[in-house]
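This report refers to the structure that appears directly beneath it.
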Amino acid sequence: MPSPDGLRWNGPAPTLQLGGGDFTLRPTLRLDADAGSFFGQEEPGGYRSGVNLRRGRLGVRGTVLRDFSYAFTWEFGGASPNDYGNLFEAQVAYTGLRGTTIRAGAFTLQHLPDFAGSSFDLPFLERAAISNVVGSLASGSTRTAIGAEGNGAIGGEGARWNASAYVTGGVASTPHDERQRGLAGRAVLLAVDRPGLQVQFGLDAAVQLHPGTSPGPESIRLRDYPELRVDSRRFLDSGSIRADGAWAAGPEASVRLGPVYLEGVWQRVAVDAVSGPDARFEGWYVQALMPLVGPPRQRAAESGTWKRPEAGGFPGALELAGRYSTVDLRQGSRGARQSVLTLGLNWYPTDRLRLAAHYENGTTVLDGPGRDFQAVGLRAAFNL
């Protein structure tokens, strides 16, 4: 028997239901407040300390006729302190096919482990630099796209594989970006699933078919922040390359050994230059997570990623995290190479609240004086 229409509460989040469940609507709220301090920046023009409303998302999501879902989210925060107020998400999806979702609009694609799951589950303040560099080609944290996502069992067991594929356009919040065209996808397999041991392998790929640079000429520029976004400066930068297109591909692997979680990703990036030799770049990261208090991370069957630990009762869940990432965007005398070692502590007092403190030690190799840095970052995050 269907539940009655009206306003229902699931914890602090209300849900409006009409038509015996044929229509639902609930508000969404996400707040990530960051503070960061850089030191070792005696040379003028280095990174600056500051604060940033990294995410300030307000929106609605729900279902129509049970098999269709929708979401609309406005972003009041930003990637840097100078970037506030943009459309983040406007999507519809059909979920009536068993194990498969057809999705269209502006949303976060299931491409690369750093983007495939919820950003609230990320173990670090920011995604690894190589994820952002590759994501800028055809995916990223938000992108206009249409595509399919699927998962299923092997041999009658639980969900063991995940796959996604999309045709993509530009970034909804970026002016004059609608002419960009690309493809992106991910495929992973949980090869070993035993008590105390889970092993997953995968492959990620993205192609930018048409840079869509407006007003032109067509060009591609790869760059990223120092894995902390309280300053708008980006020394990791390939510079603008006149190009017809670009692609990126590479493997991923993850292991949960007892309570310890390990993950590694490598990507090769190629830019098809209009003149001169094509540019070839690469980057990778390895990371390890260990619970200090509370349960370990668990695999999410719908995305093939590992979700944040469940808080449970007091004092919640406490997690130790470490990552080493590197990206090389050098081409002759142009570009830069950035490597960052990050150590972090994540505390989840409840399933909706996260407090994090991270330390970074980074080096940036340039054609000239380098930009080495150390930094401490803090975050308070709430997810409704």
Gained length - residue 10 relative to residue 58, 0.36 nm times residue gap less alpha-carbon distance: 15.5 nm
For the chain, radius of gyration divided by Kirkwood radius, i.e. Rg to Rh on alpha-carbons: 0.96
Per residue solvent-accessible surface (Å²) - the chain, probe of 1.4 Å: 43 Å²
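For segment 260-307, what is the convex hull volume of the alpha-carbon atoms per residue, in Å³?
90 Å³
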In nm, spacing of pseudo-spin labels at residue 83 and residue 302 (7 Å Cα→C-beta vector): 2.7 nm
GNM flexibility winner over the chain from 265, 199, 134 (Cα, springs under 10 Å): 199
Within the accessible area of the chain (1.4 Å probe), percent carbon and sulfur: 61 percent
Residue with peak Gaussian network fluctuation, the chain [Cα springs, cutoff 10 Å], from 339, 164, 69: 69
For the chain, built as a Gaussian network whose Cα springs stay under 10 Å, the top-fluctuating residue of 117, 150, 21: 21
Contour excess over end-to-end distance, with Cα ends at residue 194 and residue 179 and 0.36 nm allotted per residue: 0.7 nm
Net lengthening on full extension, residue 102/residue 330 (0.36 nm per residue, minus Cα-Cα): 78.2 nm
Along principal axes, Cα extents of segment 317-384, largest first, whole Å: 49, 21, 15
Label-point gap, in nm, between residue 353 and residue 43 - each point 7 angstrom along Cα→Cβ: 4.2 nm
Between 0 and 90°, nearest 10: helix 129-138 axis offset from the chain longest Cα axis: 80 degrees
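The values are calculated or read from the model by the stated rules, or taken from the named source; none is laboratory data. From a predicted model like this one, the values you see are computed outputs, not experimental measurements. Note that we place each Cβ from the backbone using ideal geometry, even for glycine, and neighbour counts take in every protein chain shown. SASA here: full protein model, heavy atoms, side chains in, ligands and nucleic acids out. Shrake-Rupley method; radii C 1.70, N 1.55, O 1.52, S 1.80 Å.
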